[in-house]
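The values are calculated or read from the model by the stated rules, or taken from the named source; none is laboratory data. It should be emphasised that the depicted structure is a prediction, and the values quoted were computed from it without experimental measurement. Glycine also receives a Cβ, built like all others from the backbone with ideal geometry; neighbour counts cover every protein chain displayed. Keep in mind that these areas ignore ligands, DNA and RNA; they rest on the heavy atoms of the full protein, side chains included. Shrake-Rupley method; radii C 1.70, N 1.55, O 1.52, S 1.80 Å.
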Amino acid sequence: MLETVKQTIENYHMLSPGEPVLAALSGGADSVALLRALLALGYPVRAFHLNHCLRGAESDRDEAFCRALCERLGVPLTVERIDVRAQTAGEGIEAAARRIRYERLVAAAQGAKIATAHTADDNLETMLFHLARGTGPKGLAGIPPVRGDIIRPLIGAERAQVEAYLAELGQDFVTDSTNLSDDYTRNRIRHEVVPVLRQLTPSVCGAAARLSGLLRQDEAYLHEQAAACLTRAARPDGAWETAPLREAHPAVRSRALRLLAEQSGMPMRDFTAQHVQALGQLLESADPSAECVLPHGFLARREYGAVRLEKPGTPVERPEIPLSVPFDGAVWQETVRLSLRGLEKNEVFYKSFNTFCADCGTIDFASLCVRTRRAGDRLRLTGNSGSRTLKKLMIDRRIPRARRDGLAVVADKYGVIAVQDIGMDHSRLPAGGARMQIKIEGY
């Protein structure tokens, strides 16, 4: 087994010679074999044990065993006790225990590599577990030998090799009683399914490992293509153009949509193939303002030729705000910045997007305000055209429906003066008298 571990470390560039490593130590056969193998290969090893406080006296027994083992071997040991049941945060106990275990391992490692004791049997069981639940190639690829700073030196060794290695050393270990129960799906796979597969194909673990490697290789390439596709689709305003995503091969598009969700801050544990399918349908929708609801309160929205994912948040209140001149400040929880100032008689006005010049003689300053659109609001943009409703103008400008009620409208009792992202009413243009500059920035 020692040669297998050595070869695995070299093949996957897990550790440099003499590199310090933190070993996750539960006290079970696999983790004890991992610790002994790393020591035998000459690596400076520290160990970490987490008492989950889930099995009463048995959990305390495991902790005592790890303490005694590390003291005998001269291995520095960090032990933490956390009542996992009190920290599930809406998760199942197994999921919470795994999350907490890795969080504490990372903290204890202090930047060093973390070695966990997953074996070839664990990889096979994981592949079968994902297959039974329904999975894609990534899930079927099983346990990666390396994931960031987490390494799995035993991933090429079978459980029989581990037990033979410990027997040769005369090394004892503890057994988690929950591993003997068939109440858990993984245990049933281990106790009932894997033995049948071994009878049919004694080398089933090796076959699964080869399949894992091929699938990970394919997945890495497809992930690379998906990332490139998403880069082509990305817009500066945080939305993504639909065309590059629609044109991509389905294998690339589905991965790009997962990346899109991940980059938008989506917690991916509840993001399933059904959500990928829903996003795909959103891309193809003929409705330029179509929406779909995603986990954790996220919303995906079409914005004509683009799609945007939005995080849940408190809606911004946008009440009417009276204005006086000069004015320079942020409104509506700092989502919009507004500037109003009088222009000197001979001052040159430089027209730019969302910067307007109005005739002061057309404005009732007592009722001047900034607000959002209202039913009946109209705007006449040129002298040759009639007035049109803001709704129709916003549709013509392809302004996403979700943004329309958030745009700033500068108005007085006579009606609309200027609208963010649309323009200024023709009747307010300068006619030789005093002038006022209106500048609008923000969402």
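Which peptide among 280-290, 142-152 comes first, and what is the full order, when sorted by highest mean count of other Cβ atoms within 10 Å?
On the way: 280-290: 13.5, 142-152: 18.4.
The densest-packed peptide leads the list: 142-152, 280-290.
About its Cα centre, what dipole magnitude does the stretch 319-418 give when the only charges are +1 on Lys and Arg Cβ and -1 on Asp and Glu Cβ, stated in debye to the nearest 20? Before the final figure, lay out the partial values.
Working: 18 positive and 11 negative charges, 142 e Å.
The calculation lands at about 680 debye.
Would you list S367, S177 from the most to the least accessible area, probe 1.4 Å?
Ranking S367, S177 by accessible area, largest first, yields S177, S367.
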task = Kindly rank 6-14, 204-212 from highest to lowest mean number of other beta carbons found within 10 Å of each residue.
result = 204-212, 6-14
query = For the stretch 3-109, how big is Rg over Rh, using alpha carbon atoms and the Kirkwood form of Rh?
reply = 1.00
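From the helices alone, meaning DSSP H stretches of at least four residues, give me the mean residue ellipticity at 222 nm for the chain, per-run term -39500 (n - 2.57), in deg cm²/dmol to the nearest 500. Spell out each step's value before the answer.
Working: 15 runs with 169 residues, N = 443.
Mean residue ellipticity, 222 nm, calculated: -11500 deg cm²/dmol.
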message = With 17 Å as the cut-off, how large is the P(r) tail for the stretch 124-227, expressed as percent of Cα-Cα pairs?
response = 64
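As an exercise, find the ratio Rg/Rh for the stretch 320-443 from alpha-carbon atoms, using the Kirkwood inverse-distance average for Rh.
Values: Rg = 13.7 Å, Rh = 14.7 Å.
A ratio of 0.93.
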query = Hey, what's the Kirkwood Rh for the chain if you take every pair of different alpha carbons, in angstrom?
reply = 27.1
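Using a 1.4 Å probe and counting only protein heavy atoms, arrange H130, H296 so the residue with the most accessible area comes first. Let's see the in-between values first.
Numbers: H130 50, H296 75 Å².
From most exposed to least exposed: H296, H130.
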message = As a test of reading the structure, rank E168, E63, E91 by solvent-accessible area (1.4 Å probe, protein chains only), most first.
response = E168, E91, E63
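Which percent of the accessible area of the chain is formed by carbon and sulfur heavy atoms (probe 1.4 angstrom)?
Working: 11750 of 22840 Å².
Summing carbon and sulfur atoms, their accessible area is 51 percent of the total for the chain.
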ask   = So if R0 is 51 Å, what FRET efficiency would R269 and S352 give, r being the distance between their Cβ atoms, rounded to the nearest 0.05?
value = 0.65
query = Where the Cα atoms of the stretch 277-382 are projected onto their three principal axes, how long is each span, largest first, in whole Å?
reply = 60, 31, 28
task = Name the long-range amide H neighbours of V416: under 5 Å, sequence gap of 5 or more, or other chain; modelled H, no Pro or chain starts.
result = R378
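Over the stretch 78-191, what is the relative contact order in whole percent, taking alpha-carbon pairs under 8 Å and six or more residues apart? Walk me through the numbers on the way to the answer.
On the way: 87 pairs, mean separation 27.3, N = 114.
Once normalised by length, the contact order is 24 percent.
I need the peptides 384-390, 66-72 ranked by packing, meaning the mean over residues of other C-beta atoms within 10 angstrom, with the highest value on top. Provide the component values of the computation, followed by the final result.
Working: 384-390: 12.9, 66-72: 16.1.
Descending packing order for the listed peptides: 66-72, 384-390.
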key: Gap separating the Cα centres of the stretch 163-217 and the stretch 241-274, nearest whole Å   = 34
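Membrane-span-like helices in the chain: DSSP H runs reaching 18 Å or more (Cα, own axis), mean Kyte hydropathy at least -0.5?
Numbers: long enough: 57-73 (24 Å, -0.65); 93-109 (24 Å, 0.09); 120-133 (20 Å, -0.19); 204-233 (42 Å, 0.16); 250-263 (19 Å, -0.14).
Helices passing the filter in the chain: 93-109, 120-133, 204-233, 250-263.
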Above-threshold pairs, the threshold being 26 Å between Cα atoms, out of K113/K311; K113/K138; K392/K439; K311/K413; K391/K439 = K113/K311; K311/K413
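Tell me the chymotrypsin sites (Phe, Trp or Tyr not before Pro) within the stretch 28-130 that lie in a loop according to DSSP and have at most 13 other beta-carbon atoms within 10 Å.
Working: sites: F48, F65, Y102, F129; in loops: none.
Hits after loop and neighbour filter: nothing returned.
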message = So if I place +1 on the C-beta of Lys and Arg and -1 on the C-beta of Asp and Glu, and nothing else carries charge, what would the dipole magnitude of the chain be about its Cα centre? I want it in debye, nearest 20.
response = 1800
query = Using the alpha carbon gyration tensor of the stretch 65-194, what are the three equivalent-ellipsoid semi-axes (square root of 5 times each eigenvalue), largest first, in whole Å?
reply = 25, 21, 17
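Taking the Cβ of A164 as the center, what net charge do the other residues with Cβ under 14 Å away carry, scoring Lys and Arg +1 and Asp and Glu -1?
Combined, the nearby Lys, Arg, Asp and Glu give -4.
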ask   = Given a cut-off of under 8 Å on Cα pairs at least six residues apart, what relative contact order in percent is computed for the chain?
value = 11
ask   = Could you give the accessible area per residue of the chain, probe 1.4 Å, as a whole number in Å²?
value = 52
